[in-house]
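Visitor: This is the structure I have questions about; it appears just below.
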Amino acid sequence: MTTDIPMDKSNDTTKVSTAPATPIIPLPQAAARALTVAGSAVALIGTFLAWTWTDEFPGNLTVTGYPGGLQVLTLVGSVLTLLFALSGYGIPGLRWLTPGGKNSPVLLAALGVFGTTGYAMGAISQELGGLVNLEPGAWVSGIGALVALIGALGLPVDQPYDAGDPTPNLWGRIRHSLTAPEPARAKDLPSWAEILIIAAGFGVGLYVFAYGIGTEYSELFIGFLILTAFGFTAVTRAGLLKRLSHLTAKHRNVAMAAAFVAAICFPFTQTNDQFALIGANILIFATVALGLNVVVGLAGLLDLGYVAFLGVGAYAAALVSGSPQSSIGVEFPFWAAVLTGAAASLIFGVVIGAPTLRLRGDYLAIVTLGFGEIFRITMNNLNGNSGPDVTNGSNGIPNIPDLEIFGFNLGLPHDVLGTELTRSGNYYLLMLLCTAIVVLVFRRSAESRIGRAWVAIREDETAATAMGINGFRLKLLAFALGASLAGLAGTVQAHVSYSVTPEQYQFAGSVPPNSAFLLAAVILGGMGTISGPLIGAALLYLIPAKLQFMAEYQLLLFGIALMLLMRFRPEGLVADRRKQLEFHETGQLDVPEDKPLPEGATGVAKAGA
Amino acid sequence: MTTTTTTATATTVLDASGVTMRFGGLTAVRDVDLTVNTGEIVGLIGPNGAGKTTFFNCLTGLYVPTEGKVAYKGTVLPPKPHLVTQAGIARTFQNIRLFANMTVLENVLVGRHTRTKEGLWSALLRLPGFKKAEEESRARAMELLEFTGLAAKADHLARNLPYGEQRKLEIARALASEPGLLLLDEPTAGMNPQETRAAEELIFAIRDKGIAVLVIEHDIRFIMNLCDRVAVLVQGEKIVEGPAEVVQADERVIAAYLGTPFEGAPGEAEAAEVEAAEADAQSSTEGDDK
């Protein structure tokens, strides 16, 4: 029995020796690499020249010697390409950059540069009316980017083709040339160095995120998206992300703290209150999405009316906020308002959950969808005409006063360490506290007896009940916990947005926190993970907020994006190991190493045989 | 009556009396009595569709029997699967129902659910007992994995285990709830002879831990080796119960499995006549062809 295992292993390692893959463009390797380096260097130089003659194009690309706007993106991209390409030469100080793939990151980075530069040139000539508006600098960068791309396409491919399909067609070959092998396990560094690397990683992440939010015009944001998409994939293919996630898995608490600190730093990087507000709204959206992840990702209950719980929390907080339009007219301190909001959502969750959770699957989804709409319509009708006057109907509850916590008025800007913290910045930090609580709740409940029971129910409810799990009670618990987390976020949301109206809480709408977008954020990001819904929510909020011009087509584009995602990456952007195995049949390759058994621990079955 | 003679002193673990299950007009299980005593391995056999699994489902609360009652160690069981498990009856399924996307260890930990008490608050606030209970559960689960020979694969996903090991994991998961009675629904279905032998050893080892076992099986040799007592279910009714050898020789059992000669079964003379007629018919058709 035991001899079988090493034999399998050796089979796996020898299987790799198949026909080597040829590059897309047949070039000698040295020439290809030289072309890439030269091309990206030229593109880099081009960013210091003027790209156009007038500052009518946003970002002022007319200055020679000082890159601005889209030029900075090309600059960053070409530096990245250059570094990856030089690392391929085996230069000692740079070799750590590509522990995984050697050449696919170069190709991806070159694609990113080509994409951003090409987009910039296109945008300039389209907005100003013709190619004549391009100054030589743009052509220098553009040609440099093209040369770098050609060179990168000529580099040898990192992985040989699969034995089953030795000669794929062109599209297959291009897709294949973007894949890379997994990096080997890194040597253990001293733990202070590993912690520093984690901090640096989160620092870079924060900078990129803050830059994205701070983009002032949509051209820059599109360029940013192109470059980040390719750059991020390049870094992943290079194996750097795997290394980093290995480190964060090792020092989980440090990584959580680093992420939290990076998130705290965000409002200090924003001088414009509008961008800090985007940050606060993203956090609200992300927190609610994470709460939904308890219900959908862990317990597997498809809830299409989840935004109602956010609404209950917001309405409860608005009623006790001391707003002159509130029908109650009391003013609770913040802590009491938070408890009220969470408790109201909790009760609402139990009231809705108790009858509906006896249903399974699609039936549950339809019923929750109905209840979500019932909430909105009820809030509309409690206006004094068609019902008792509680919520002012469609006018909602406006003029919600700003919070004051320990004499610290969140509505006013404050000076902290020499930087000004605006109103939205204050609320951002308050919301961050809520997010941290929700992250903690999610993590701790997932890693407990209760969390395991939820996953068991999701996997097979009949077997779970046969294992002694009270299915209904635990589903109700997941539903109630999810509801109160949303209620918690709702209490802050009411204050951030000054007013609550029924129209904020519908099934699908153009402004993100609605049930459809929440579910999409969870699925897009990755079900059952913590970072998944956070990233998914950030993308789903940021893209429509930044690209106002496509507001009309938003739902269409959103639908297309979801379909593409389900086709190519059904496990979401951030996949836990489970989901990855669930959706991609990797055979037995992904299983962990067999642990050596302790002495004398042979199974009864083996002993008997 | 056979029960009283074989184990007069042993206490009764399971006492099902008059269990009847009707689905509309169909009576799947009709008035079945069955007792299982401590330290016993009892087999339940019968042709396909005899109602064995339905009877199992009645015992474990998955179905509420139309009539009759099921008692475990003297107390009547409530008709809720999780309460039955809590009372001390664990089961496996005929078609393996593991939590496929959980690891082997997590599967067993889920089995510990009823024997641990840590609630949500304890998990959220990490109350003092939480860590200890969690460690205890893990230690207990690893013990069971070692017992079934799966300890080396604790971190694998359940879906990646080979078939035979998935069966073993289902047993380990059931044992995690510390049952007094284990119900196995066709534990060796689809196994080769070596795996079946290993399963046999495992079931004996479980019996030696003081857990009574009730097993449904089609493999007669397996049942004969294993069981102290065998009950035969045919078309929802228990037709015979007793030691394996007695049951094997029982005419009604043979009839149920192989069928009975119908009335006016052909004698040898008739058989010869038919053969002759067939040969005749064949030669005449050949003649037609020409």
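The values are calculated or read from the model by the stated rules, or taken from the named source; none is laboratory data. Treat the numbers as computed from the prediction; the structure is a model and nothing was measured. Quick reminder, even Gly has a Cβ in these numbers, built from the backbone with ideal geometry, and neighbours come from all protein chains shown. Surface areas here come from the heavy atoms of the whole protein model, side chains and all, with no ligands, DNA or RNA. Shrake-Rupley method; radii C 1.70, N 1.55, O 1.52, S 1.80 Å.
Visitor: Using a 1.4 Å probe on protein heavy atoms, which residues of the stretch B:87-114 have at least 50 Å² less accessible area in the complex than alone?
Guide: Correct list: B:Arg97, B:Phe99, B:Asn101, B:Met102, B:Val110, B:His113.
Visitor: If you don't mind, another one. Out of residues 5 or more away from B:Val13 or on other chains, whose amide H comes under 5 Å of its own, with H placed 1.01 Å from N in the peptide plane?
Guide: B:Val36, B:Asn37, B:Thr38
Visitor: Moving on. In the stretch A:204-275, how does Rg compare with the Kirkwood Rh, expressed as the Rg/Rh ratio over alpha carbon atoms?
Guide: Numbers: Rg = 14.3 Å, Rh = 13.8 Å.
We get a ratio of 1.04 for the stretch A:204-275.
Visitor: Right, here's the next one. Given a 1.4 angstrom probe, what's the average accessible area per residue across chain A, in square angstrom?
Guide: 45 Å²
Visitor: Over what distance in Å are the Cα centres of the stretch A:415-487 and the stretch A:305-332 separated?
Guide: Between the Cα centres of the stretch A:415-487 and the stretch A:305-332 lies a distance of 22 Å.
Visitor: Compute, for the stretch B:1-111, the length of the dipole vector about the Cα centre, with Cβ point charges of +1 (Lys, Arg) and -1 (Asp, Glu) only. Units Debye, rounded to 20.
Guide: Here the stretch B:1-111 has a charge dipole of around 200 debye.
Visitor: Give me the accessible area of A:Ile400, 1.4 Å probe, in Å² rounded to the nearest 10.
Guide: 10 Å²
Visitor: Peptide A:66-72: average number of partner chain Cβ atoms within 10 Å per residue?
Guide: 0
Visitor: Per residue and in cubic angstrom, what volume does the convex hull of the Cα atoms of the stretch A:201-323 have?
Guide: Cα convex hull per residue, to the nearest whole number: 175 Å³.
Visitor: A further question on this structure: Kirkwood Rh over Cα pairs of the stretch A:49-173 into Stokes-Einstein at 37 °C, 0.692 mPa s: D in µm²/s?
Guide: Estimated via Stokes-Einstein, D reaches 205 µm²/s.
Visitor: How much accessible surface does A:Leu153 have with a 1.4 Å probe, in Å² rounded to 10?
Guide: Around 40 Å² of this residue is reachable by solvent.
Visitor: Then there's this: Can you give the accessible area per residue of the stretch B:98-177, in Å², using a 1.4 Å probe?
Guide: 36 Å²
Visitor: Further question: Between A:Tyr553 and A:Val261, what FRET efficiency comes out of the Förster formula 1/(1 + (r/R0)^6) with R0 = 60 Å and r the beta carbon distance, rounded to 0.05?
Guide: Result of the calculation: an efficiency of 0.95.
Visitor: Considering only DSSP beta bridges with both partners in chain A, what is the antiparallel share in %, to the nearest 5?
Guide: Just about 100 percent of them are antiparallel.
Visitor: Can you put B:Lys69, A:Lys475 in order of accessible area, largest first, using a 1.4 Å probe?
Guide: B:Lys69, A:Lys475
Visitor: Another question about this same structure. So, counting K/R as plus one and D/E as minus one, what does the shell of residues with Cβ under 12 Å around B:Cys227 add up to?
Guide: -4
Visitor: In vacuum, with every alpha carbon of the stretch B:98-177 counted as one equal point scatterer, what does the Debye formula give for log10 I(q)/I(0) at q = 0.22, 0.23 Å⁻¹? Two decimals, please.
Guide: Values returned for q = 0.22, 0.23 Å⁻¹ are -0.92, -0.98.
Visitor: Using only the C-alpha atoms of chain A, find the volume of their convex hull and express it per residue in Å³. Please report the intermediate quantities before stating the final value.
Guide: Working: hull volume 122.9 nm³, N = 609.
Expressed per residue, the convex hull around the Cα atoms of chain A is 202 Å³.
Visitor: What is the sum of charges around A:Leu364, taking Lys and Arg as +1, Asp and Glu as -1, for the other residues whose C-beta is under 12 Å from the C-beta of A:Leu364?
Guide: With Lys, Arg at +1 and Asp, Glu at -1, the neighbours total 0.
Visitor: I'd like the Karplus ³J(HN,Hα) series for the stretch A:419-435: coefficients 6.51, -1.76, 1.60, θ = phi - 60°, whole numbers in Hz, and an x wherever there's a Gly or Pro.
Guide: My calculation for the stretch A:419-435 gives 10, 8, 9, 7, 4, 5, x, 4, 5, 4, 5, 5, 5, 4, 4, 4, 4 Hz in order.
Visitor: Would you kindly derive the ³J(HN,Hα) couplings of the stretch A:280-297 from the backbone phi angles with the Karplus curve 6.51 cos²θ - 1.76 cosθ + 1.60 (θ = phi - 60°), listing them in order in whole Hz, with x for Gly and Pro?
Guide: Each residue of the stretch A:280-297 in turn: 4, 5, 4, 5, 4, 4, 5, 5, 5, 4, 5, x, 5, 5, 4, 6, 8, x Hz.
Visitor: So, one more: With every protein chain left in place and a probe of 1.4 Å, what is the accessible surface of A:Arg252, to the nearest 10 Å²?
Guide: The accessible area comes out at roughly 90 Å².
Visitor: Oh, and also: How would you classify the stretch B:176-224 from its alpha-carbon gyration tensor, with a ≥ b ≥ c the square roots of the eigenvalues: rounded for a/c under 1.5, else prolate if a/b is greater than b/c, otherwise oblate?
Guide: Working: a/c = 2.03, a/b = 1.72, b/c = 1.18.
Judged from the Cα gyration tensor, the stretch B:176-224 comes out prolate (a/c at least 1.5, a/b above b/c).
Visitor: So, one more: For a 24 Å ceiling on Cα separation, which of these pairs sit above it: B:Lys52/B:Lys73; B:Lys80/B:Lys209; A:Lys242/A:Lys475; B:Lys131/B:Lys168?
Guide: Result: B:Lys80/B:Lys209; A:Lys242/A:Lys475; B:Lys131/B:Lys168 exceed 24 Å.
Visitor: Let me ask something additional. Dipole of the protein assembly as shown (Lys/Arg Cβ +1, Asp/Glu Cβ -1, origin at the Cα centre): which of A:Leu339, B:Leu169, A:Val522 lies farthest to the positive side?
Guide: A:Leu339
Visitor: Using 7 Å Cα-to-Cβ label points, what is the A:Ala199/B:Gln282 separation (nm, one decimal)?
Guide: 9.5 nm
Visitor: Buried accessible area for the B:A pair, summed, 1.4 Å probe, in Å² rounded to 100? Present the calculation step by step, with values, prior to reporting the outcome.
Guide: Working: alone 15540 and 29680 Å², together 41010 Å².
For B against A, buried area totals roughly 4200 Å².
Visitor: Probe radius 1.4 Å, ligands and nucleic acids left out: which of B:Asp31, A:Asp460 has the largest accessible area, and how do the rest follow?
Guide: B:Asp31, A:Asp460
Visitor: Considering only C-alpha atoms, what is the centroid distance from the stretch A:363-386 to the stretch B:167-215, in Å?
Guide: That distance is 51 Å.
Visitor: Does the stretch A:470-549 classify as rounded, prolate or oblate by the C-alpha gyration tensor (a ≥ b ≥ c root eigenvalues; a/c under 1.5 gives rounded; else a/b over b/c gives prolate, otherwise oblate)?
Guide: oblate
Visitor: I need the fraction of alpha carbon pairs in chain B separated by more than 33 Å, rounded to a whole percent.
Guide: The share of Cα pairs beyond 33 Å in chain B comes to 34 percent.
Visitor: For B:Leu127 and B:Glu237, what does the FRET efficiency come to when R0 = 51 Å and r is the distance between their Cβ atoms, rounded to the nearest 0.05?
Guide: In this case the efficiency is close to 0.45.
Visitor: What does the net charge come to around A:Trp96 if you take all other residues with beta carbon closer than 11 Å to its beta carbon, with K and R at +1 and D and E at -1? Numbers along the way, then the final one.
Guide: Working: positive: A:Arg95, A:Lys187, A:Arg243; negative: none.
Net charge around A:Trp96: +3.
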